[in-house]
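Below is one structure, written out as structure tokens; comments come after it.
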Amino acid sequence: MHIALREVHDSDLPVFFRQMNDPESLRMAAFTPPDPADWDAFTTHWHTIRTSRDVVRTILGDGDVIGSTAVYGDPGEREVTYWVDRAYWGKGAATAALRALLSEVTDRPLYARAAADNTGSLRVLEKCGFEMSAHARGFAPARGEVIDEVVLHLAG
């Protein structure tokens, strides 16, 4: 599968919204908006990030919208994030997309967070050079409880 990144188009938002409301994906991501089914909150969030200085991209798999990825936050504290449609899990799409984003955004250090039991996401981050730097606990809205999370960093 050929993975490419491009600017986010308005037509991508309904696809992202559908992807973000998959129950298994929500559980695995854990740290989600309080109500992922709130379309108005979703579109407000996307308007905010698309008009910010953050780097936000649509992930294309063979030309189809399969997710999104971004680098956000203040210099020195910037974080990466990504969301890939569950149909593409385990196929290298997230790793390829994150690598493409990291070649575009050369700021370092960068950070990432993942639920401690999200082994797929942790593996993607490690393949892209991130290293575990801390463990934390946080409230995961998608699970309705406080869970363990891993903080990772990518140095210069």
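The values are calculated or read from the model by the stated rules, or taken from the named source; none is laboratory data. A quick note: this is a predicted structure, and the numbers were derived from the prediction, not measured. Positions of Cβ are generated from backbone atoms using ideal geometry, with glycine treated the same way; all protein chains shown enter the neighbour counts. Calculation scope for accessible area: heavy atoms of the full protein, side chains included, ligands and nucleic acids excluded. Shrake-Rupley method; radii C 1.70, N 1.55, O 1.52, S 1.80 Å.
Some notes on this structure:
- Among the numbered conditions (1) of a type in the set (A, V, I, L, M, F, W, C); (2) surrounded by fewer than 20 Cβ atoms within 10 Å (Cβ to Cβ); (3) under 18 Å from ASP22 (Cα atoms), the only one that ALA115 does not meet is (2).
- Among the candidates VAL65, VAL56, the residue that is more than 23 Å from ARG123 (Cβ to Cβ) and under 13 Å from the mean Cα position of the chain (by Cα) is uniquely VAL56.
- Of all the numbered requirements in (1) at pLDDT below 95; (2) open to solvent by less than 90 Å² (accessible area, probe 1.4 Å), GLY156 misses one, and that requirement is (2).
- Scanning the range 82-101 for residues that are surrounded by fewer than 20 Cβ atoms within 10 Å (Cβ to Cβ), under 19 Å from ALA112 (Cα atoms) and free of Cβ contacts under 8 Å to residues at least 60 places away in the same chain yields a count of 3.
- Index of the failed condition, THR106 passing every other in (1) polar (S, T, N, Q); (2) modelled with pLDDT of 95 or more; (3) open to solvent by 50 Å² or more (accessible area, probe 1.4 Å): (2)
- Qualifying residue in the range 54-75 (condition: assigned to a helix (DSSP H, G or I), touching a helix residue (DSSP H, G or I) at 6+ places or on another chain (Cβ under 8 Å), among the hydroxyl-bearing types (Ser, Thr, Tyr) and more than 19 Å from VAL150 (Cβ to Cβ)): no
- Residue list for the range 102-152, restricted to those being touching a strand residue (DSSP E or B) at 6+ places or on another chain (Cβ under 9 Å) and β-branched (Val, Ile, Thr): VAL105, VAL124, VAL146, ILE147, VAL150, VAL151
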